[in-house]
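Nothing in this text is a laboratory measurement; each read-out follows from the coordinates by a stated rule. Predicted model, so just to flag it, every value in this text is computed and none were measured. Backbone-built Cβ (ideal geometry, glycine too); neighbour counts: all protein chains shown.
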Amino acid sequence: MGKKVTVVGAGFYGSTTAQRLAEYDIFETVVLTDIIDGKPAGLALDMNQSRPIEGFETKVVGVTTGPNGEGYEAIEGSDVVVVTAGLPRKPGMSRMDLLEVNAKIVRQVAENIAKYAPNAVVIVVSNPVDEMTALAQLATQFPKNRVFGQAGVLDTARFTNSIAETLAVPVKSVKALTLGSHGDTMVPVPSRCTVDGKPLSDLLPADKIEELVVRTRNGGAEVVALLKTGSAYYAPSAAAARMAKAVVEDSGEVLPVCAWVDGEYGISGVYLGVEAQIGAKGIKKVVEDKLTDTEVAGLKEAAEAVRAKQADVANL
Ligand code: APR
């Protein structure tokens, strides 16, 4: 049987994710859903018309869903569901300002995923993503390894891009890593950054590295401030699509994702940005690697910040 992926939410993030997934040409079907009548069908038609030009066979199917789950039968049999439904932030807003409004949306979406695609791996991108991932797991009651969130692949890409630009080297020369929350307690990890194998600390002074760390933490806000309406979606969709690809290909790749941690780095019982091995059933295992004491402390701080908010989502 061919592979099937669903993207819930046909806004900027969802539609670009669907397009990237279709262009990989590894799925039989990409389902794109939204509550706005006609929007997903129109976008799907438009994407399908690009098939002869881009040369892919994947069929995109657009479906409008209703308040009582109408239309959700289209997601049946999905191997992966990417949840992008929800409001993006406006200039000056933090991701946390979206908590209540997006919790209602993500809960409803998650309940329908549980009903119609009970075997799917769920990748959450709606913000605040650490909390929305916890909520999606609660609402689906799926095993924790089958629900995880997108943040680290994007934050790492932003960090990588800044390092490459600063040093005027190709992005492929740079290896970087970002862990922690997708917010104020994000933990870019300079000790794990190299350029052509050389430690970043040999190439840049500490204050310059700190500047890049701060820019990474504010990476999303920097785009929001320029766009004035809506938030980033090209790099975010690239990240989410890559994660869905790793799942359907059962690739075993280690990627930074928002995963349930159970003892790693001395942290337990919380969804947090860590490195994890990805496979057909979602998270195969969280990978604990060497970090400096400061970085571990940052990760613990992020865990506690996220834990406090994740406790709230159960009631939203
Ligand atoms: N089911 C399906 N889709 C929904 C639902 C729902 N219950 N509620 C809202 N949507 C849809 C909206 O109709 C809209 O088309 O979600 C889409 C969101 O699209 P945009 O407003 O363009 O936002 P986008 O940039 O795609 O961001 C989506 O990802 O990065 C995060 O913070 C961002 O939470 C936001 C999400």
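Just give me the residues in the range 134-174 being more than 27 Å from residue 118 (Cβ to Cβ) and not in a helix (DSSP H, G or I), in sequence order. Correct list: 168, 169, 170, 174.
Residues in the range 86-105 that are surrounded by 15 or more Cβ atoms within 10 Å (Cβ to Cβ), over 17 Å from residue 12 (Cα atoms) and basic (Lys, Arg): none.
Of all residues in the range 223-266, those being under 18 Å from residue 178 (Cβ atoms), in contact with a Leu (Cβ under 6 Å, 6 or more places away or on another chain) and within 15 Å of the ligand (Cβ to nearest atom) number 3.
Checking each residue in the range 86-102 for being closer than 27 Å to residue 247 by Cβ, touching a residue at least 40 places away in the same chain (Cβ under 8 Å) and hydrophobic (A, V, I, L, M, F, W, C) picks out only 99. Filtered by the rule that a residue be in a loop (DSSP other than H, G, I, E, B), surrounded by fewer than 19 Cβ atoms within 10 Å (Cβ to Cβ) and either in contact with a helix residue (DSSP H, G or I) (Cβ under 9 Å, 6 or more places away or on another chain) or in contact (Cβ under 8 Å) with a residue 12 or more places away in the chain (or both), the range 57-85 gives 57, 66, 67, 69, 71, 76, 77.
Within the range 44-55, can one find any residue that is of a type in the set (A, V, I, L, M) and either within 21 Å of residue 119 (Cβ to Cβ) or outside any helix (DSSP H, G or I) (or both)? Explain how you work it out, then say what you get.
As a first pass, look at the range 44-55 and keep what is of a type in the set (A, V, I, L, M): 44-45, 47, 53.
Filter once more, so that each one left must be either within 21 Å of residue 119 (Cβ to Cβ) or outside any helix (DSSP H, G or I) (or both): none.
Within the range 44-55 (the criterion being of a type in the set (A, V, I, L, M) and either within 21 Å of residue 119 (Cβ to Cβ) or outside any helix (DSSP H, G or I) (or both)), the answer is no, since none of the residues qualifies.
To keep it simple, each residue is scored yes or no on (1) on the phi < 0 side of the Ramachandran plot; (2) out of contact with any Pro (no Cβ under 9 Å at 6 or more places or on another chain); (3) of a type in the set (Asp, Glu).
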position	(1), (2), (3)
10	yes, no, no
19	yes, yes, no
37	yes, yes, yes
59	yes, yes, no
75	yes, yes, no
93	yes, yes, no
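Restricting attention to the range 3-32 and to residues that are more than 10 Å from the ligand (Cβ to nearest atom) and polar (S, T, N, Q), the residue that is farthest from residue 89 (Cα to Cα) turns out to be 29.
Considering the range 169-198 alone, what residues qualify as being out of contact with any Cys (no Cβ under 9 Å at 6 or more places or on another chain) and among the hydroxyl-bearing types (Ser, Thr, Tyr)? Spell out the reasoning first.
Here is the first cut: in the range 169-198, the ones out of contact with any Cys (no Cβ under 9 Å at 6 or more places or on another chain) are 169-173, 178-180, 183-198.
Correct list: 173, 178, 185, 191, 194.
For residue 269, the stated conditions hold: it is surrounded by fewer than 22 Cβ atoms within 10 Å (Cβ to Cβ), among the small types (Gly, Ala, Ser) and part of a strand (DSSP E or B).
Among the residues of the range 166-212, those that are of a type in the set (D, E, K, R) and touching a residue at least 40 places away in the same chain (Cβ under 8 Å) comprise 184, 192, 208.
Evaluating residue 89 against the criteria (1) among the charged types (D, E, K, R); (2) within 11 Å of the ligand (Cβ to nearest atom); (3) assigned to a helix (DSSP H, G or I); (4) under 17 Å from the mean Cα position of the chain (by Cα) leaves one unmet condition, (3).
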